[in-house]
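Peer 1: Sharing a structure here in structure tokens format.
What follows is calculated from the coordinates using simple rules that are stated; it is not laboratory data. These numbers were taken from a predicted model, which means no experiment stands behind them. Cβ atoms come from the backbone with ideal geometry, glycine included; neighbour counts cover every protein chain shown.
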Amino acid sequence: MKLVFASNNKHKIAEIQNMLPEAIQIISLSAIGCYEDIPETADTIEGNAILKADYVTKNFGYDCFADDSGLEVNALGGAPGVYSARYAGEHKNDGDNIEKLLLELNGVSNRKANFKTVIALNYQGKQYVFTGIADGEIMRERRGNLGFGYDPVFVPAGYDQTFAEMAQQEKAQISHRGKATKELINFLTK
């Protein structure tokens with residue numbers, strides 16, 4: 001089975017392809033001739049995933065899936081949430097986003113947070129939505145150099161390591177994206 005993954009994020013593409021069974025192959029946006037920056041104008045994580053999947057299906061005619069993820073910090077009322085990638089500005093710089101987050105949490109004792117991923121799948125004329133959540137907390141400084149995004153400052157509940165200190169296989173078992181992808185795989189392999 002081949003499915004278009006509506007993402008240009010090389011880290012996400014590699015992470016999800018590594019989780020999928022060999023029978024499911026990801027086709028990139030560039031492979032179908034989609035070079036546009038797909039608009040992410042919804043005000044929810046789920047809304048953005050649906051927008052991206054619908055864009056590919058409508059404009060290119062492929063079955064596809066898209067994801068959107070966000071970090072939701074309790075002390076910040078759920079921020080950065082849907083704006084996680086551009087928290088520190090439209091240039092979407094991971095380091096700047098982390099810096100802003102740590103500044104906003106300076107002196108804050110409640111550092112509970114969760115990562116949320118929503119995958120929207122357009123398949124055989126129907127749409128399906130899968131959600132994964134990883135609870136944890138935000139560290140006071142960066143640790144680790146694996147992963148991407150907020151991984152260096154996020155420690156999942158029950159662990160001592162940040163996502164950026166974990167091997168990809170270990171992270172995939174417990175991460176928000178891993179959980180949502182498992183739901184997608186279960187659906188596709190039934």
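Peer 1: May I ask you to say which residue of Phe154, Phe130 is closer than 30 Å to Tyr62 by Cα and touching a strand residue (DSSP E or B) at 6+ places or on another chain (Cβ under 7 Å)?
Peer 2: Values: Phe154 fails: closer than 30 Å to Tyr62 by Cα.
Criteria check complete, one pass: Phe130.
Peer 1: Can you tell me which residue in the stretch 180-190 is farthest from Gly81 (Cα to Cα), limited to those that are surrounded by fewer than 21 Cβ atoms within 10 Å (Cβ to Cβ) and either in contact with a Cys (Cβ under 8 Å, 6 or more places away or on another chain) or in contact (Cβ under 8 Å) with a residue 12 or more places away in the chain (or both)? Talk me through it step by step, then tell me what you get.
Peer 2: Just the residues of the stretch 180-190 that are surrounded by fewer than 21 Cβ atoms within 10 Å (Cβ to Cβ), to begin with: 182-183, 185-190.
If we keep only those that are either in contact with a Cys (Cβ under 8 Å, 6 or more places away or on another chain) or in contact (Cβ under 8 Å) with a residue 12 or more places away in the chain (or both) as well, we get 182-183, 185, 187-189.
Numbers: Lys182: 22, Glu183: 22, Ile185: 25, Phe187: 26, Leu188: 28, Thr189: 31 Å.
Going through the qualifying residues, I end up with Thr189.
Peer 1: Taking the options Ala134, Ala157, name whichever one is in contact (Cβ under 8 Å) with a residue 12 or more places away in the chain and out of contact with any Asp or Glu (no Cβ under 8 Å at 6 or more places or on another chain).
Peer 2: From the options Ala134, Ala157, the qualifying one is Ala134.
Peer 1: Which condition breaks for Ser175 when tested against (1) of a type outside the set (A, V, I, L, M); (2) crowded, with 18+ Cβ neighbours inside 10 Å; (3) in contact with a helix residue (DSSP H, G or I) (Cβ under 6 Å, 6 or more places away or on another chain)?
Peer 2: Failing condition for Ser175: (3).
Peer 1: Can we say Gly132 is farther than 18 Å from Asn9 by Cα and assigned to a strand (DSSP E or B)?
Peer 2: So Gly132 fits the description; yes.
Peer 1: Considering each of Ala75, Ala113, Ala85 in turn, give the residue that is among the aliphatic types (A, V, I, L, M) and out of contact with any helix residue (DSSP H, G or I) (no Cβ under 8 Å at 6 or more places or on another chain).
Peer 2: Result of the check over Ala75, Ala113, Ala85: Ala75.
Yes/no per residue for (1) without any contact (Cβ under 8 Å) to a residue 60 or more places away in the chain; (2) closer than 24 Å to Lys190 by Cβ:
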residue: Lys2; (1), (2): yes, yes
residue: Lys10; (1), (2): yes, no
residue: Pro21; (1), (2): no, yes
residue: Ser28; (1), (2): yes, no
residue: Cys34; (1), (2): yes, no
residue: Tyr55; (1), (2): yes, no
residue: Phe65; (1), (2): no, yes
residue: Ser69; (1), (2): no, no
residue: Glu72; (1), (2): yes, no
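Peer 1: Just one of the numbered conditions (1) over 16 Å from the mean Cα position of the chain (by Cα); (2) assigned to a strand (DSSP E or B); (3) surrounded by 15 or more Cβ atoms within 10 Å (Cβ to Cβ); (4) not aliphatic (A, V, I, L, M) is not true of Gln127; which one?
Peer 2: (3)
Peer 1: Related question: Is one or more of the residues making up the stretch 146-158 more than 16 Å from Leu71 (Cα to Cα) and either assigned to a strand (DSSP E or B) or among the acidic types (Asp, Glu) (or both)?
Peer 2: No, because not a single residue in the stretch 146-158 is more than 16 Å from Leu71 (Cα to Cα) and either assigned to a strand (DSSP E or B) or among the acidic types (Asp, Glu) (or both).
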